[in-house]
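Student: Have a look at this one before I ask anything.
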C-alpha cells in the first residue's frame, strides 16, 4: 500500500477528477481577464483564470505516478499563480529535502512563467542575481501551467537524480490535464 502525504489548502474531492478546468477568480492582480472600471476610470475588479483544485490534484498525481513508474522517489508541488501551495504529494521514500525543492521550483516557474531549466541559464555571473530572490530555485524541475495565454499555476518536482528527469515528470502532469 502506498503512503502519500497530501496537503491541500482548499477542500477537494479526488473522485471524479477527470479532465482539467480553469475557473474564474475575481479581484486578483494576476493574469488576464475582464476588468471593471470604477469612478474616474480606476480599475476596481479584474477577473482572472485559475487552475481548479481537481486539475491540480490530477496533475500532481500524474506527475508522481510518472516518476514512480521509472523507479524515482520524488515530491510534487503545485502552486497557484500567486505562488501559494495548493497540492503537495510526498511520494514513498522521497527524501526530506525534496519537499522544499519541489515547492521552490513550482513557485519559481509560476513567478517567472518559464520552466526552471530555462531560467537557470539566466542567473549566472557575479554580484546580485535572480538567485538572491527568496523562495526561488533555479534548477530544472519546475514548469508553469498556462491557460489561454496566462500562467495559472506551477508544478515542481524534487528528488529524481537529475533536474531533467524532474522536469520530464512535471511535464507528464501537464499532459495529464491536457496542457
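The values are calculated or read from the model by the stated rules, or taken from the named source; none is laboratory data. These figures come from a predicted structure and were not determined experimentally. We place every Cβ from the backbone using ideal geometry, glycine too, and count neighbours over all the protein chains shown.
Student: Only one residue in 126, 114 is in a loop (DSSP other than H, G, I, E, B), out of contact with any helix residue (DSSP H, G or I) (no Cβ under 8 Å at 6 or more places or on another chain) and at pLDDT below 95, so which one is that?
Tutor: 126
Student: Okay, next question. Can you name the number of the only condition in (1) under 12 Å from the mean Cα position of the chain (by Cα); (2) crowded, with 24+ Cβ neighbours inside 10 Å; (3) closer than 14 Å to residue 173 by Cα that residue 115 fails?
Tutor: Exception for residue 115: condition (2).
Student: Further, regarding this structure: Residues that are modelled with pLDDT of 75 or more and at negative phi: find the strands (runs of 3 or more DSSP E) completely inside the stretch 16-106 holding 3 or more of those.
Tutor: Result: 43-46, 48-51, 75-80, 85-90.
Student: Suppose we filter the stretch 84-112 for residues that are more than 8 Å from the chain's Cα centre (by Cα) and closer than 16 Å to residue 150 by Cα; how many remain?
Tutor: Qualifying residue count, the stretch 84-112: 3.
Yes/no matrix, rows are residues, columns are (1) out of contact with any helix residue (DSSP H, G or I) (no Cβ under 6 Å at 6 or more places or on another chain); (2) without any contact (Cβ under 8 Å) to a residue 60 or more places away in the chain:
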position: 97; (1), (2): yes, no
position: 104; (1), (2): yes, yes
position: 121; (1), (2): yes, yes
position: 137; (1), (2): no, yes
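Student: Now, a different point. Could you please let me know if residue 174 is assigned to a loop (DSSP other than H, G, I, E, B), touching a residue at least 40 places away in the same chain (Cβ under 8 Å) and under 26 Å from residue 48 (Cα atoms)?
Tutor: No, not satisfied.
Student: Do you know which residues across the stretch 134-150 are buried (at least 22 other Cβ atoms within 10 Å of the Cβ) and modelled with pLDDT of 95 or more?
Tutor: Selection gives 140, 141, 142, 143, 144, 145.
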